[in-house]
Amino acid sequence: MPDHDLSEALRLRVAEAAATETALRIVGSGSKQFYGNHCAGEPLAMHAHAGIVDYEPGELVITARSGTKVLDIEKQLAAHRQMLAWDPPRFGPQATIGGAIATGLSGPRRAYTGAARDYVLGVTVVTGRGEIQAFGGRVIKNVAGFDVSRLMTGALGTLGVILDVSLKVLPLPECEMTLVFPCDVSTAIGQMNQLARHPGLSGTSHYDGQMYIRFSGSTHSVQAASAAAGGVVVSDADVPWERLREQTHPFFADDGRVLWRLSLAPATPPLPLPGDWLIEWGGAQRWLKSNTEATAVRAAAERHGGHATAFRYQPDAVGAFHPLSPPAARLHRRLKECFDPVAILNRGRLYAL
């Protein structure tokens, strides 16, 4: 089916659902279906709406339909020595770019190159009113006023069905080197924060007494930075970061405990919560596997100005996302009413508003 016809078919499906107030559950590859709260509804399949629409390597811009596999985009970019700078986790070979943007998840580079939303130039969506709307554009300077295209990033499909997305991409670094250091968690947090302003830093993590850091850039700058930092050079430099990005590291295996993701100020000292910890992003992202009550985990994060997400393996009684303050809840509700007035799109997956 031609792209226009498929877009129109998706629009008609949403419009019919809006008219009958029938909930729709947006489905790509299902690689990130675990993320967020459970939502019921008739499936709206997006995998057929695939393909790279436009790619201009010289302009560092690519546009793709939402059902396009992330792997296919990465292969196309790699052929021109370019990359998706925020390291989007795939969690499976069929993962789509629509899911990557809808979840807004980022990998190990996020703290140093930016988040998914920082690279979204424009999107075309079907709103909950059954209308096709385009926001932003295909050039960086084309964004003006309220940036709706970035608003769709991380909204989990609750504000619109993404049809296509235009993204800024970056050149691959000339050289990368990963170093490992034995140290405790407090020392690691301190060293990560000392290194935070280094222009070549592109990854940090700590788990089980081992701190990993990665430098990226020109061969000369990476070698100089690595020599100054010390540590032991990791021979398979990509492996630690791929295991973190795809959560194939043994830490992430399901052992019956909830996997929490805490967002905190990078220099926050270790929190006194029982369980196993893995730290990324210079201390800003902290993973906790624990059976501690959700209220205790979230209270601890709040005391340090952060928030906690029940990322995987959460029981149904535990909401995935940190409760909103009353002003934030009102803003979320108004946005939902604007884009999806009868709440048919991924109803409840983000918040029950």
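The values are calculated or read from the model by the stated rules, or taken from the named source; none is laboratory data. What you see is a predicted model; the values in this text were computed from it and never measured. Reconstructed Cβ throughout: ideal geometry from the backbone, glycine too, with neighbour counts over all protein chains shown.
Scan the range 108-122 for residues that are aliphatic (A, V, I, L, M), touching a Leu at 6+ places or on another chain (Cβ under 8 Å) and not in a helix (DSSP H, G or I) and the total you get is 2. Put simply, of L12, L105, L77, L6 the only residue that is in a helix (DSSP H, G or I) and in contact with a Phe, Trp or Tyr (Cβ under 9 Å, 6 or more places away or on another chain) is L77. Evaluated against (1) under 21 Å from the mean Cα position of the chain (by Cα); (2) under 18 Å from I132 (Cα atoms); (3) not β-branched (V, I, T), N37 falls short on exactly one condition, (2).
Yes/no per residue for (1) hydrophobic (A, V, I, L, M, F, W, C); (2) touching a residue at least 12 places away in the same chain (Cβ under 8 Å); (3) in contact with a Ser or Thr (Cβ under 7 Å, 6 or more places away or on another chain); (4) surrounded by fewer than 18 Cβ atoms within 10 Å (Cβ to Cβ):
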site	(1), (2), (3), (4)
D255	no, yes, no, yes
W260	yes, yes, yes, no
A308	yes, yes, no, no
V318	yes, yes, no, yes
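Across the range 183-219, which residue is modelled with the lowest pLDDT among those that are assigned to a loop (DSSP other than H, G, I, E, B) and hydrophobic (A, V, I, L, M, F, W, C)? That would be A196.
Quick test for you: out of V222, V180, pick the one residue that is touching a strand residue (DSSP E or B) at 6+ places or on another chain (Cβ under 7 Å), not in a strand (DSSP E or B), not polar (S, T, N, Q) and not assigned by TED's automatic domain parsing to the domain that holds A111. Spell out how you get there, then give the answer.
On the way: V180 fails: not in a strand (DSSP E or B).
Only one candidate passes the filter, namely V222.
Matching residues to (1) in a strand (DSSP E or B); (2) at pLDDT below 95; (3) in contact with a Cys (Cβ under 6 Å, 6 or more places away or on another chain); (4) within 21 Å of R90 (Cα to Cα):
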| position | (1), (2), (3), (4) |
| --- | --- |
| E242 | no, no, no, yes |
| Q247 | no, no, no, yes |
| F251 | no, no, no, yes |
| A265 | no, no, no, no |
| T268 | no, no, no, no |
| P274 | no, no, no, no |
| I279 | yes, no, no, yes |
| G282 | no, no, no, no |
| W287 | yes, no, no, yes |
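Among residues of the range 288-306 being surrounded by 20 or more Cβ atoms within 10 Å (Cβ to Cβ) and charged (D, E, K, R), the one that is farthest from L264 (Cα to Cα) is K289. Among the residues making up the range 75-112, a single one is in contact with a His (Cβ under 9 Å, 6 or more places away or on another chain), closer than 20 Å to L350 by Cβ and either of a type in the set (V, I, T) or surrounded by fewer than 19 Cβ atoms within 10 Å (Cβ to Cβ) (or both): T96. Going through (1) in contact with a helix residue (DSSP H, G or I) (Cβ under 9 Å, 6 or more places away or on another chain); (2) surrounded by fewer than 16 Cβ atoms within 10 Å (Cβ to Cβ); (3) closer than 21 Å to V297 by Cα one by one, P341 falls short only on (3). When every residue of the range 149-161 is checked against the conditions, none turns out to be more than 26 Å from G36 (Cβ to Cβ) and in contact (Cβ under 8 Å) with a residue 24 or more places away in the chain.
For (1) in the same structural domain as V297 (by TED's automatic domain parsing); (2) farther than 22 Å from S202 by Cβ, each residue gets a yes or a no:
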| site | (1), (2) |
| --- | --- |
| A237 | no, no |
| W241 | no, no |
| A265 | yes, no |
| D276 | yes, yes |
| I279 | yes, no |
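Within this structure, S149 passes the test of being modelled with pLDDT under 95, buried (at least 20 other Cβ atoms within 10 Å of the Cβ) and among the hydroxyl-bearing types (S, T, Y).
Residues of the range 15-34 being assigned to a loop (DSSP other than H, G, I, E, B), of a type in the set (A, V, I, L, M, F, W, C) and within 19 Å of the chain's Cα centre (by Cα), which ones? If the condition is that a residue be assigned to a loop (DSSP other than H, G, I, E, B), of a type in the set (A, V, I, L, M, F, W, C) and within 19 Å of the chain's Cα centre (by Cα), then F34 is the only one that fits.
Within the range 327-353, residues that are outside the structural domain of A40 (by TED's automatic domain parsing) reach partners that are in a loop (DSSP other than H, G, I, E, B) and of a type in the set (D, E, K, R) with beta carbons closer than 6 Å, at six or more positions or on different chains, in the pairs V342/E21.
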